[in-house]
Amino acid sequence: MPCKSCGSVNQKKFSAEMGIHFPELKDIDKPVVWVFPEIVVCLDCGTAEFAVPQAELRELAKGDATEAR
Ligand SMILES: [Zn+2]
């Protein structure tokens, strides 16, 4: 599948670890949600794509719900 940004097929899969913060929260005690996705990086323009796994996705959704309170 070509890159959505530049159309290049020069893409490579990597495994990554990523700590997702809730930018709207100034509270630094708010835990980071760690995800370990497989990412696809476009080697021409640098666009990276990945899907957050279901379990971590729920964590992110929960964080939003807490913030909306
Ligand atoms: Zn690209």
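Computed from the coordinates by the stated procedures, all read-outs in this text should not be read as laboratory data. Computed from a prediction, not measured in an experiment: that's the story for all the values here. Positions of Cβ are generated from backbone atoms using ideal geometry, with glycine treated the same way; all protein chains shown enter the neighbour counts.
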Open item on the list: Suppose the chain between Ala51 and Ser5 were pulled fully straight at 0.36 nm per residue; how much longer would it get relative to their current alpha carbon spacing?
Closed with: 14.9 nm
- [ ] Would you mind checking which residues have amide H under 5 Å from Ser8's amide H? H placed 1.01 Å from N; only 5 or more apart, or other chain.
- [x] Cys3
TODO: Would you tally the net charge around Phe50, using a Cβ to Cβ cut-off of less than 12 Å, leaving Phe50 out, and scoring K and R as +1, D and E as -1?
DONE: -3
Open item on the list: What is the sum of charges, Lys and Arg at +1 and Asp and Glu at -1, for the other residues whose Cβ falls under 10 Å from the Cβ of Trp34?
Closed with: -3
